[in-house]
Amino acid sequence: MCRRCALLTWALFALLGLGLGAPGEEAPGSCCPIVPRREWKAPASKCGEKLQHPVRYVVVSHTAGSHCDSPASCLKQVQNLHTYHSRTLNWCDVGYNFLIGEDGLVYEGRGWDIKGDHTGVTWNPMSIGISFMGNYMERSPPPRALRAAQSLLACGVAQGALSPTYEVKGHRDVQRTLSPGDQLYEIIRTWPHYHE
């Protein structure tokens, strides 16, 4: 399948809400479509430190930059973040395990198995880092992006990567930062697994 066709398929799944339950709903085995690294042309990761499953914590952040609302713009955004993290910060890969676009798609970063570089030395080895692409200080992500994140979490539990009793934390709960932005922070505080 051509790369553009694959991206359009991912977008169609997101727009139709296929595999996505209502916010807060965790249907066993339901997994939203995840745009794999090869679809956004990620170079081979240089990371090797594994996470121990099931992971107990999920840290939600925002990139604090531009938002993206189409598969094409989100693909470019993920590539830009990868370049910044790997070349400017000299990390082994993009820092997040997953990224969420306003297009309603989940983009694979380091995935379920590899330790991220998203929240510092204390939290990185024991958490999955999920970052919403955009700045959510004054605006909220659209519902399709929030549904994608919720579905991703349900998927992690179904696959055994996340503990069924996992805890969601805002980036600001574990580090001195404004992330994930005031508006997104208020939303995640309503999620069933949120704990300060």
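In table form, for the structure just shown:
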| item | result |
| --- | --- |
| Inter-probe distance in nm under a simple model that places probes 7 Å from Cα toward Cβ, at residue 183 and residue 70 | 2.1 |
| Segment residue 126-residue 52, extension gain: residue separation times 0.36 nm, minus the distance between their alpha carbons | 25.9 nm |
| Gyration tensor (alpha-carbon) shape descriptor, the range 79-160, a/c threshold 1.5 | oblate |
| Accessible-area composition of the range 31-138, carbon plus sulfur, in percent [1.4 Å probe] | 48 |
| Unit charges at the beta carbon, dipole of the range 59-184: most positive-side option, 120, 152, 79 | 120 |
| Most to least packed among 86-92, 152-158 [average Cβ atoms within 10 Å] | 152-158, 86-92 |
| Virtual spin-label span in nm between residue 89 and residue 31, 7 Å along Cα→Cβ | 2.6 |
| Prolate/oblate/rounded label for the range 52-195 (Cα gyration tensor, a/c 1.5) | rounded |
| Virtual spin-label span in nm between residue 41 and residue 158, 7 Å along Cα→Cβ | 3.1 |
| Overall form of the range 112-196 per C-alpha gyration tensor (a/c, 1.5; a/b vs b/c) | oblate |
| Burial ranking of peptide ranges 127-138, 51-62 (average Cβ count within 10 Å, highest at the top) | 127-138, 51-62 |
| The range 81-165, accessible area per residue, ligands and nucleic acids excluded (1.4 Å, Å²) | 34 |
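The values are calculated or read from the model by the stated rules, or taken from the named source; none is laboratory data. Keep in mind the model is a prediction, meaning the values are calculated, not measured. With ideal geometry, Cβ positions are generated from the backbone for all residues, glycine too; neighbour counts draw on all protein chains shown. Calculation scope for accessible area: heavy atoms of the full protein, side chains included, ligands and nucleic acids excluded. Shrake-Rupley method; radii C 1.70, N 1.55, O 1.52, S 1.80 Å.
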